1. Where does helix 317-330 land angle-wise versus the long Cα axis of the chain, in degrees 0 to 90, nearest 10?
2. If you build the convex hull over the alpha carbons only and average its shadow over all orientations, what do you get for the range 169-268? Give it in nm² to one decimal.
3. Kindly express, to the nearest 10 degrees and within the range 0 to 90, the angle between helix 214-226's C-alpha long axis and the longest C-alpha principal axis of the chain.
4. Cα convex hull of the range 415-473: how many Å³ per residue?
5. Counting other Cβ atoms within 10 Å, which trypsin sites (Lys or Arg not before Pro) in the range 251-282 have at most 12 and lie in a DSSP loop?
6. Over all pairs of distinct alpha carbons, what does the Kirkwood formula give as the hydrodynamic radius of the range 184-413, in Å?
7. Can you compute the modelled spin-label distance between ARG325 and VAL474, with each label point 7 Å from Cα toward Cβ, in nm?
8. How much length, in nm to one decimal, is gained on full extension between GLU71 and LYS309, taken as 0.36 nm per residue of separation minus their Cα-Cα distance?
Amino acid sequence: MRDFELNLTPEQESKKQYEYMEKAKELVSIKEKELGRKLTFSVVTFGCQMNARDSEKLVGILTEMGYVEVEDEHADFVMYNTCTVRENADNKVWGRLGYLQSYKKKNPHMIIGLCGCMMQEPGVVEKLKKSYKHVNLIFGTHNIYKFAELVYRCLSSNKQIIDVWKENDKIVEDLPIKRKFKFKSGVNIMFGCNNFCSYCIVPYVRGREKSREPKDIIREIEGLVADGVCEVMLLGQNVNSYGKNLDNPMSFANLLREVNKIEGLKRIRFMTSHPKDLSDDLILAMKECDKVCGHMHLPLQSGSSRILKVMNRHYDKEKYLDIVRKLREAIPDIAITTDIIVGFPGETEEDFEETLNVVKEVEYDSAFTFIYSKRTGTPAATMDNQVPHDVIKDRFNRLLKVVQEISAKKAKSLEGKVVPVLVEGLNEHDDSLVTGRLENNLVVHFKGTEDMIGQIYNVKLEESKGFYFLGGIV
Ligand code: 5AD
Ligand code: SF4
């Protein structure tokens, strides 16, 4: 059955999924009549922007079937879209599943589904099969486009449906998506990762790199713009290696140039850039393209060249600092943010101090700091020089302090400046104010009205409050 299905073209696959949506819709409508009310769903997302985008696909399909979205997990259909990048992401899911089990006892018709990265990890499916029989549907990262079909199978049988694939190179376009935000959207430009950083589980659970065709990306963004989107975030595990394996290869820099031409689009962001593949041409493209935000998220992971080598990152401290220098030379106001891991196996006090030194030298606008988490199956998990937890905790706190001081200082230095701000919504506490976002991702609150949402204004940053500003329209 599977082999035959794998031979469908992406277009045939997409068509088939729409047929399943129709079939599921009928079953949902029968159940609605039985209960005398609409059926509800909740999609709970763990992890990164990729997962957030995938969840919008799940929401799109469930909505198409007639389900109505609700905020909490007391719903007829609950989907957990899981992450497994660090152990605590897994733990959260196990905890939530335990809680839902008792809720389901009182509401036996409820459907619980699990998908995403954690499902691709060895042992997880076995554990679910054995001890979490109340879970109805389990699938992974490679066949999310089959969601409609899997839901249909779930609705028409009482069995636990499990469909986790090891690999897949098919990209199925044009399935329904329901965005969380009206005026901004993530856009996948590629899936998977080929880098195998020695601590990271992503390449094992998301598979090898595959890029979407430029024409499909452009078409999607044009459609989004027509639907009111003014900001896109181009998503990939390593956007800098975009397009290498396409029949007609295209660099990420050139993709940016193409996206920049889209009329009506106002802002372009992207995530994530691996320093090893960051080209001079990308820096040039960022400088040339007026819609590309002056922001670069550039994961450092460690400031020690020795550790970077063991992490299999393919750059050293000098190369990293050189990229930062070039970025600032080309785009003087650019905001630079990063990811840092503390306590990678074998990290000494000297290595850690090198990280601190890079943080002080670069002066990041903000940084995500992570405690190293051992992921089974990665090379780092079997290294015998794991750093004791109390040492890691101490380093982590020291790093956090430096990062926060620098972020506050950087924000303070923007006081008095006039910057372009995209209005995202009314202020949650005071509806005489609107909340907008700077190119560097910080927010500013200022006097405004609802009709300003989705527009860009020049705003004077009057006062920095650390993580946000108070300002006024110029
Ligand atoms: N432990 C801690 N942090 C990790 N990351 C990836 N794998 C691990 C791990 N095993 C971090 C990296 C990456 C970010 C998304 O998550 O910093 O850039
Ligand atoms: Fe993980 Fe490295 Fe790939 Fe990023 S580039 S997803 S850290 S393996």
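The values are calculated or read from the model by the stated rules, or taken from the named source; none is laboratory data. No experiment lies behind these values; they were computed from the predicted model shown. All Cβ positions, glycine included, derive from the backbone under ideal geometry; neighbour counts span all protein chains shown. Remember, those area values only see protein heavy atoms, side chains included, never the ligands or the DNA or RNA. Shrake-Rupley method; radii C 1.70, N 1.55, O 1.52, S 1.80 Å.
1. That works out to roughly 80 degrees.
2. Result: a mean projected hull area of 6.8 nm².
3. It is inclined by approximately 90 degrees.
4. Per residue, the Cα convex hull of the range 415-473 comes to 68 Å³.
5. Qualifying residues, ordered by number: LYS261.
6. When all Cα pairs of the range 184-413 are included, the Kirkwood radius is 18.6 Å.
7. My value for the distance between the label points is 3.2 nm.
8. 81.2 nm
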